[in-house]
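Participant: One structure, as structure tokens, below. Some questions next.
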Amino acid sequence: MSLMKFLLCASAMALTAGAALAEPAIIYDLGGKFDKSFNEAAFNGAERWAKETGGSYKELEMQSEAQREQALRRLAESGANPVVMTGFAFGDVLNTVAPDFPDTKFAIIDMVVEQPNVKSVVFNEHEGSYLVGMMAALASKTGTVGFIGGMDIPLIRKFGCGYAQGVKAVNPDATVILNMTGTTPAAWNDPVKGAELAKAQKSQGADVIYAAAGGTGIGVLQTAADEGILSIGVDSNQNYMHPGKVLTSMLKRVDNSVYEAFKEGDALTTGINVMGLANDGVGYAMDDNNAALVTPEMQAAVDAAAEKIKSGELAVHDYTSDNTCPAASF
């Protein structure tokens, strides 16, 4: 072999080795990867990819808002590709950082960032919330149900509004109590406040409470179980946390979006990806833990509505489209 051929082969091998070494990475939002909800769903998707492929990935958990940009830059500079982040709050930071790393692909969950190297994954949370709202109304004996959101932002109002529409579709006379935990990111990780709100809603007659509040929801589910009323989990399947006490969980398949991003690797498809009922992006959880709470008739009614939403026959209003809700006021 000539020296020139040897050098070309060595160069090609080095490039191949370099490409093989590029690991995907994930940054979790505040609340940590074991929040039993949103972040943990993302972690589960990363772990599924690692187990299936034998690959490894980098991960970062932030301790404060101030670390967002630093964490993102550190992973991009390390050669990770793609870099996935969980949560709308990364939006502004990613808009700033992405142009500085044109060869790195980024994926953001719950926010649209219009950059050529970014995949934006958003969910039709209002569709899944509509289904669990129907379930709540069908299970309620008092005609009053509750919703406890985390940080008061349009995204969480989207959950609450979809839920209220589902409740009213079953029982137009139902009362839906809506509370938010706070107006800062601390609202995602305040189980004590979640417990207080759940007790307050029970005192107003609520016998089913849907929590869309990250780690704060842990306090809601615990209190509902202690107080003898039902709860509804969110993002991950939380039925197992209090078997026989959690009516269902609104599944937001963050795990699938992380898994798919890792699987695509540096060939990640950019642009906006909308995950709804039609493509299994959202849904509701049934398992041994809640089977006794959901009658075949309840499940049939909810599944029939799901099919109508998938086909377009039934349109659930998206709060974020015009900042209004036809079924409730915030």
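The values are calculated or read from the model by the stated rules, or taken from the named source; none is laboratory data. Quick caveat: nothing in here was measured; it's all calculated off a predicted structure. Neighbour counts run over all protein chains shown; Cβ positions are idealised from the backbone, glycine included.
Participant: From GLY79, GLY32, GLY91, grab the single residue that is of a type in the set (Gly, Ala, Ser), within 15 Å of PHE262 (Cα to Cα) and in the same structural domain as LEU268 (by TED's automatic domain parsing).
Facilitator: Only one candidate qualifies: GLY79.
Participant: Kindly indicate which of GLY143, GLY149 is surrounded by 24 or more Cβ atoms within 10 Å (Cβ to Cβ), within 21 Å of LEU230 (Cβ to Cβ) and outside the structural domain of ASN39 (by TED's automatic domain parsing).
Facilitator: The unique qualifying residue is GLY149.
Participant: Quick check on region 294-301. Is at least one of its residues in contact with a helix residue (DSSP H, G or I) (Cβ under 7 Å, 6 or more places away or on another chain), surrounded by 20 or more Cβ atoms within 10 Å (Cβ to Cβ), within 17 Å of ALA136 (Cβ to Cβ) and not assigned by TED's automatic domain parsing to the domain that holds ASN44?
Facilitator: no
Participant: Here's something else I'd like to know. Restricting attention to region 69-94, report how many residues are within 15 Å of TYR28 (Cβ to Cβ) and in contact (Cβ under 8 Å) with a residue 40 or more places away in the chain.
Facilitator: 12
Participant: OK, next. Is it true that GLY244 is among the small types (Gly, Ala, Ser), in the same structural domain as GLN299 (by TED's automatic domain parsing) and not in a strand (DSSP E or B)?
Facilitator: Judged against the criteria, GLY244 is a match.
Participant: Which of the strands (runs of 3 or more DSSP E) contained wholly in region 34-152 include at least 3 residues that are under 17 Å from the mean Cα position of the chain (by Cα) and more than 21 Å from ASN273 (Cα to Cα)?
Facilitator: So the answer is 144-151.
Participant: What residue, among those in region 280-322 that are among the small types (Gly, Ala, Ser) and outside any helix (DSSP H, G or I), is farthest from LEU230 (Cα to Cα)?
Facilitator: Ranking the qualifying residues of region 280-322, first place goes to GLY312.
Participant: Of everything in region 101-150, what is under 19 Å from THR320 (Cβ atoms), without any contact (Cβ under 8 Å) to a residue 40 or more places away in the chain and not β-branched (Val, Ile, Thr)? Give them in sequence order.
Facilitator: Answer for region 101-150, where residues must be under 19 Å from THR320 (Cβ atoms), without any contact (Cβ under 8 Å) to a residue 40 or more places away in the chain and not β-branched (Val, Ile, Thr): MET111, GLU114.
Participant: Scan region 56-67 residue by residue and report those that are exposed (fewer than 15 other Cβ atoms within 10 Å of the Cβ) and either touching a helix residue (DSSP H, G or I) at 6+ places or on another chain (Cβ under 7 Å) or of a type in the set (Phe, Trp, Tyr) (or both).
Facilitator: SER56, GLU65
Participant: May I ask you to list the residues in region 77-90 that are within 18 Å of THR104 (Cβ to Cβ) and crowded, with 20+ Cβ neighbours inside 10 Å?
Facilitator: If the condition is that a residue be within 18 Å of THR104 (Cβ to Cβ) and crowded, with 20+ Cβ neighbours inside 10 Å, then ALA80, ASN81, PRO82, VAL83, VAL84, MET85, THR86, PHE90 are the ones that fit.
Participant: When the residues of region 261-284 are narrowed to those that are more than 27 Å from LEU131 (Cβ to Cβ) and among the β-branched types (Val, Ile, Thr), which ends up surrounded by the most Cβ atoms within 10 Å (Cβ to Cβ)?
Facilitator: THR270
Participant: Scan region 200-230 for residues that are touching a strand residue (DSSP E or B) at 6+ places or on another chain (Cβ under 7 Å) and among the charged types (D, E, K, R) and report the count.
Facilitator: Residues in region 200-230 being touching a strand residue (DSSP E or B) at 6+ places or on another chain (Cβ under 7 Å) and among the charged types (D, E, K, R): 1 in total.
Participant: Pairs needed: first member in region 206-227, at positive phi; second member anywhere, not aromatic (Phe, Trp, Tyr); C-beta distance under 6 Å; at least 6 residues apart or different chains.
Facilitator: Close Cβ pairs satisfying both conditions: GLY214/GLY31; GLY214/ASP35; GLY214/SER37; GLY214/GLY150.
Participant: Here is a follow-up. Test ALA98 against the criterion of being in contact with a Phe, Trp or Tyr (Cβ under 9 Å, 6 or more places away or on another chain), without any contact (Cβ under 8 Å) to a residue 24 or more places away in the chain and either surrounded by fewer than 24 Cβ atoms within 10 Å (Cβ to Cβ) or assigned by TED's automatic domain parsing to the domain that holds GLY233 (or both), and give yes or no.
Facilitator: On the way: in contact with a Phe, Trp or Tyr (Cβ under 9 Å, 6 or more places away or on another chain): yes; without any contact (Cβ under 8 Å) to a residue 24 or more places away in the chain: yes; either surrounded by fewer than 24 Cβ atoms within 10 Å (Cβ to Cβ) or assigned by TED's automatic domain parsing to the domain that holds GLY233 (or both): yes.
Here the answer is yes, as ALA98 does meet what is asked.
Participant: Give me the pairs: first residue in region 243-266 and without any contact (Cβ under 8 Å) to a residue 12 or more places away in the chain, second residue among the acidic types (Asp, Glu) and assigned to a strand (DSSP E or B), beta-carbon distance under 8 Å, and six or more apart or on different chains, which are they?
Facilitator: none
Participant: When you check ALA174 against the structure, is it surrounded by fewer than 22 Cβ atoms within 10 Å (Cβ to Cβ) and either of a type outside the set (S, T, N, Q) or more than 16 Å from ASP152 (Cβ to Cβ) (or both), yes or no? First the steps, then the outcome.
Facilitator: Values: surrounded by fewer than 22 Cβ atoms within 10 Å (Cβ to Cβ): yes; either of a type outside the set (S, T, N, Q) or more than 16 Å from ASP152 (Cβ to Cβ) (or both): yes.
Answer is yes for this residue.
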